[in-house]
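Visitor: Quick one: structure below, then a few questions.
Read-outs: derived from the displayed coordinates by stated rules, not from any lab. In this text, all values refer to a predicted model and were calculated from it rather than measured experimentally. Backbone-built Cβ (ideal geometry, glycine too); neighbour counts: all protein chains shown.
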Amino acid sequence: MAYGVQLFDSNGINLVDRFVPSFIVDYIISGSGTRTYAGVTGKTLNASPLNYITSINGVGTTPSAVSVSGNTLTFSNASSECPIIVYYQ
């Protein structure tokens, strides 16, 4: 029994073991730069640009970009139209 709960589908298959716990540590809505986060044992730092509104959609907003190396995040062009979500998984 993972994480203190049990959840089964209609066929009796345990669904809890299919999920990977993750949590959000930052939501970047402006600028470019580098941020370093405290490490979390057993988790890996990840980030995803949420390019909802970009120049592709005709709005003229430059898409955001992000890369992760260890616990350091490098990002560019973050905006309220193209935020970056940072999470441990």
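Visitor: Quick one: among 25, 66, 16, which has the greatest mean-square fluctuation in a GNM of the chain with alpha-carbon springs under 10 angstrom?
Guide: Per the Cα network of the chain with a 10 Å cutoff, 16 tops the list.
Visitor: What's the longest piece of the chain with no exposed chymotrypsin sites (Phe, Trp or Tyr not before Pro), counting a site as exposed if DSSP puts it in a loop and it has at most 13 other beta carbons within 10 Å?
Guide: 53-89
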